[in-house]
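J.: First the structure, then my questions, so here it is.
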Amino acid sequence: MQLEIDRDKAITDKVILIQKAVRGMKKRTNFLRVRRSVTLIQKMWRGYRCRKDYSAMRFGFLRL
């Protein structure tokens, strides 16, 4: 009986370890995807703002 209990505990521990690794990998993959998306949005916004500010500055110099 004790051997079966020890075997079940060992198998359960290994299954939990595998589940933890898979869940962590899925979370990390999702995190990296979100981070790439955020970086893309930031890049597009900053480029837009720079072009807009440059255009306003250029228009200001043209009026002089």
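The values are calculated or read from the model by the stated rules, or taken from the named source; none is laboratory data. All values reported here derive from a predicted model rather than from experimental measurement. Here the Cβ positions follow ideal geometry from the backbone for every residue, glycine too, while neighbour counts run over all protein chains shown.
J.: Could you tell me whether the range 9-24 includes any residue that is part of a helix (DSSP H, G or I) and more than 34 Å from the chain's Cα centre (by Cα)?
T.: First pass over the range 9-24, keeping only residues part of a helix (DSSP H, G or I): 9-24.
So of that shortlist, the ones also more than 34 Å from the chain's Cα centre (by Cα) come out as 9.
Yes: one or more hits.
J.: When you go through 59, 31 one by one, which is the residue that is of a type outside the set (A, V, I, L, M), exposed (fewer than 10 other Cβ atoms within 10 Å of the Cβ) and out of contact with any Asp or Glu (no Cβ under 7 Å at 6 or more places or on another chain)?
T.: Details: 31 fails: exposed (fewer than 10 other Cβ atoms within 10 Å of the Cβ).
Step by step, each of 59, 31 is checked, and only 59 is of a type outside the set (A, V, I, L, M), exposed (fewer than 10 other Cβ atoms within 10 Å of the Cβ) and out of contact with any Asp or Glu (no Cβ under 7 Å at 6 or more places or on another chain).
J.: Let me ask another. Only one of 51, 36, 58 is at pLDDT below 95 and basic (Lys, Arg). Can you tell me which?
T.: Going through 51, 36, 58 in turn, just one is at pLDDT below 95 and basic (Lys, Arg): 58.
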